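Okay, so here's the structure we're looking at.
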Amino acid sequence: MTRRNRFVQREIEDWKKRGLIDAELAERLRHDVATRSGGFAVSGVLIVMSALLFSAALLIFIAANWEAMPRLARVGLIATIILTANGLGAWASMLGRRYLADALWLIGSAAFAAGMALVSQMYHLSGSESGLYLVWWLSAIVSAVALRSRALTMASILLAVVWLIAGLGDWGGIEANLPLSAHLFPLMLAAGWIASLHTRVALARDLALLAFGAYVTVLFIAWGVVVPIVTVALAALGFAAATHLDWRGERSAAPHLGLELSMLQYFVLASVLLHVEWHEGPGLVVVASLMFAGLTAALLLGGKESSGVRRLVYVAFAGELIFIYVQTVGTMLGTFGFLTLAAIALAIFARLVTRFERRMAPPAQEGAST
């Protein structure tokens with residue numbers, strides 16, 4: 001039973017004790033929670049992890065350049081692994097063994113990549129490393145949709161990130177003008193997002209949103225401070241829209257972060273990038289003020305309903321204070337100013353948190369003593 005389900009079960013028991021629901025309804029609710037709990041199984045996760053290890057071993061085996069085996073035998077071995085893994089995966093899927101099927105399909109996908117590397121190695125074919133990852137990503141995303149594989153959906157997001165990292169070397173670094181192909185990355189993430197709707201992997205959507213941060217960072221290094229400025233504005237608007245339209249992961253049955261928390265993460269990321277550009281003097285004051293104001297607004301708008309938002313606000317607030325201290329500790333006057341401003345900021349923040357926690361507290365029941 002997951003932590004969320006245990007929490008709901010405790011709430012049901014509390015409602016029963018307080019007389020809000022009768023025993024029959026409590027039992028029906030407990031049964032509903034238990035039957036809808038889905039799917040996390042430690043054994044299944046271990047199977048997928050073992051498949052990942054086997055896939056890595058397979059790729060290393062190919063990279064070892066095993067000259068002792070004839071070329072035809074090498075190609076035949078790889079083709080056999082691909083066909084066997086995918087065939088057994090389909091068989092496991094028909095039997096309802098979801099984790100085993102995903103593990104076998106991962107091995108088949110890794111074998112496909114190993115086959116590409118092997119052919120390129122044997123016949124000395126020219127080509128970029130990023131090109132290989134692009135073909136691998138394409139095969140993974142198509143297979144994920146065709147097989148409704150959750151593991152391949154997640155793998156396609158990770159392969160998109162690997163493709164971007166590999167492409168930086170092919171493009172001559174981030175400092176140079178980014179080629180048009182670099183902007184395929186958000187399209188690759190969007191394809192993974194759409195595939196996750198078909199394969200029903202909410203975690204893949206969270207991963208796609210987080211992976212987009214790598215693209216924002218690359219654009220910042222290439223284009224400068226305009227990127228985090230635009231990101232701050234868009235993240236603030238996205239967060240406000242998410243709270244207004246109730247697009248919150250914690251409010252839905254799906255166990256994912258939701259747009260609200262993702263937008264807050266991008267606000268924090270953009271603020272960090274702004275600090276890279278403006279980390280002293282008036283620029284530090286402006287960015288720090290923006291950070292504190294944005295975190296306070298996030299707490300007021302979304303903190304009541306989302307524990308994730310509250311935790312991120314607390315961590316980001318503490319991190320900002322530490323950064324300001326590091327930047328101003330050089331002089332006694334600067335340290336005095338930091339301590340004074342930090343004390344005032346913490347007092348205001350503590351007051352806001354106190355008011356917030358009072359608002360989140362459940363109202364007193366009628367007839368209860370005050």
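The values are calculated or read from the model by the stated rules, or taken from the named source; none is laboratory data. Predicted, not measured: the structure shown is a model, and the values here were computed from it. When we count neighbours, we look across all protein chains shown, and the Cβ atoms used for this are built from the backbone with ideal geometry, even at glycine. Please note that ligands, DNA and RNA were not included when accessible areas were found on the heavy atoms of the full protein model with its side chains. Shrake-Rupley method; radii C 1.70, N 1.55, O 1.52, S 1.80 Å.
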Quiz prompt | Packing-based order for 148-158, 181-191, 13-23, using average beta carbon neighbours within 10 Å, highest first | solution = 148-158, 181-191, 13-23
Quiz item: What are the ³J(HN,Hα) values, in whole Hz, obtained from phi via the Karplus relation 6.51 cos²θ - 1.76 cosθ + 1.60 with θ = phi - 60°, for each residue of region 90-102 in sequence order, with x given for Gly and Pro?
Solution: 5, 5, 5, 5, 5, 7, x, 8, 4, 5, 5, 4, 4
Quiz item: Of Ser196, Ser307, Ser289, which has the most accessible area and how do the rest follow, probe 1.4 Å?
Solution: Ser289, Ser307, Ser196
Quiz item: When the C-alpha atoms of region 269-327 are aligned to their principal axes, what extent does each axis show, in angstrom, from largest down?
Solution: 36, 17, 15
Quiz item: In what sequence, largest accessible area first, do Val75, Val161 appear using a 1.4 Å probe?
Solution: Val75, Val161
Quiz item: Under the definition of Cα pairs under 8 Å and six or more residues apart, what whole-number percent is the relative contact order of region 76-124?
Solution: 41
